[in-house]
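Written out below as structure tokens is the structure these notes cover.
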Amino acid sequence: MASRYRNRNRNRNSRGKVAKWKVALLSFEALVIVMYLLVTSVYAWYKVDKIGFIKAASKSTILRGLISGTDTAKSYEKNVQDKDFNKDNVKINEGVSKKTETYLNIALFGIDSRSEDFDDGSRSDSIIVVSINSKTGKVRMASVYRDTMLKITDSDGDVTYTKANAGFAIGGAEGAINMLNTNLDLNITDYAVVNFTGLATIIDKLGGIDVKISWDELTYINGYLTETRKITGLDTPDLTAADYGEDGLVHLTGLQATAFCRIRYVPFTDVDGQVYRDDYGRTARQRFVIKQLVEKAKAAGSDQVISIAKDILNQGSGDEKIFATSLSINEIFDLIPTVLDFELGESIGFPFTCDTPKVNGASMVVAQGLTYNVSKLHDAMFDEKNYEPSSTVKEISDYITSYTGVPTVVLEGDEDTVNEYGSTSNEDGYSTEGNSNSNY
């Protein structure tokens, strides 16, 4: 029980303002790659502009039917599409603003899969909500910190308040989506997920990445490789001093880059000189790697894209499965025009303000006022100013505040909302104002 924690300068506005991630999650890129393959199987028959043909195919009933009958489409339905996913089991809070209907919201998960079953007991190391504005084509993303304390309800109706990354392990994709919808007032009905093997495979297919790493990071990469080899069944050599180039860069294979993404105990310095530690360091590394992958995927030729997509489509079951999504082929077609022209807007981390107390013996990320943070989320994602969270979110927020003792803390400039969302002092009388940046 953490109700008597002392203020430890954990205001999670630790980078001053909301971070601007000009990156996309790997599973979103995997979706793009699969879309390309679906149309390039027919594209080879025509001497037309590739992008133009893809857009035409996505809108043509005849071409949709033609592509849907190909072996590629059949492989997608067999090996990638999750036909067991039941949208009827998805829960959406009563009173959620209809404005979110303008947006297609998809949950993206990166899982630490260690079992033969793709979603059996797998925790989600990455949780990102991608929101696509159906009118403008603009894409926004919100990353939910994996250790965020949220309400999770299993299939039997049993409730637990624990880390968000347990949502996928407890209830699979349906349970994880319900967790996000219930706690954040969202209306997500679809998802995409990729595992360690998928990450390593796609990085290798794109030619690996070049990274500046410290000696400490190199040591941890080699350490994580031992376990990652066992998880994926893939192999790659350990890194040595000889791998450093004259420019200080080290070329990482897919498995080495995957191990790099897992590091949390060594600080990471980005290209702008910003230093990130602990879980911030891990997510910063992931963003750095994904940014490189996005750039490489966009620059890749059709042959390379087809090769990657074939790997995704052909690895379809058991411990070979690397990617899955609830989206049907027709839904993929509907997304193609947006994906090809998408404009990635600002991305955010959630919660905006939070503390990291011990809760039942485990360190968790606790929103400093879930109601306040959900309101800020809807402002950032859906341009809903002064969003009024549902009664469900308010009840969850009240329970978390009461159980942990973590008070509401607002971002700079939002001080006038404090009376609406709660006190800025905890029960011990320690003011949360003036908190310094956290290195959590």
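In table form, for the structure just shown:
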{"item": "Links that overshoot a 30 Å alpha carbon limit, given the list Lys83/Lys376; Lys78/Lys296; Lys78/Lys230; Lys138/Lys230; Lys74/Lys151; Lys59/Lys310", "result": "Lys83/Lys376; Lys138/Lys230; Lys74/Lys151"}
{"item": "Segments 241-248, 149-156, 133-140, 403-410 sorted - mean Cβ within 10 Å per residue, highest first", "result": "403-410, 149-156, 133-140, 241-248"}
{"item": "In order through the stretch 163-177: 3J(HN,Hα) via Karplus (6.51 cos²θ - 1.76 cosθ + 1.60), integer Hz, x for Gly, Pro", "result": "5, 4, 5, 7, x, 5, 5, 6, x, x, 5, 4, x, 5, 5"}
{"item": "Three-way shape call for the stretch 143-217 based on the alpha-carbon gyration tensor, with the a/c threshold at 1.5", "result": "prolate"}
{"item": "Contour excess over end-to-end distance, with Cα ends at Glu94 and Asp156 and 0.36 nm allotted per residue", "result": "20.2 nm"}
{"item": "Under Karplus coefficients 6.51, -1.76 and 1.60, residue-wise ³J(HN,Hα) of the stretch 192-200 in Hz, glycine/proline x", "result": "9, 9, 9, 10, 4, 5, x, 4, 5"}
{"item": "Mean Cβ count within 10 Å, highest first, over the residues of peptides 251-260, 64-73", "result": "251-260, 64-73"}
{"item": "Full-extension gain in nm, Asp216 to Ala242, via 0.36 nm per residue minus C-alpha separation", "result": "7.8 nm"}
{"item": "For q = 0.11, 0.15, 0.19 Å⁻¹, Debye-computed log10 I/I(0) when each Cα of the stretch 241-308 counts as one equal scatterer", "result": "-0.33, -0.60, -0.89"}
{"item": "Projected label distance in nm at Asp303 and Lys138, using a 7 Å step from Cα toward the beta-carbon", "result": "4.0 nm"}
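Any read-out appearing in this document is the output of simple, stated calculations on the displayed coordinates, not a laboratory observation. For clarity, every value in this text was computed on a predicted model and none was experimentally measured. So basically every Cβ, Gly included, is an ideal-geometry build from the backbone, and we count neighbours across all protein chains shown.
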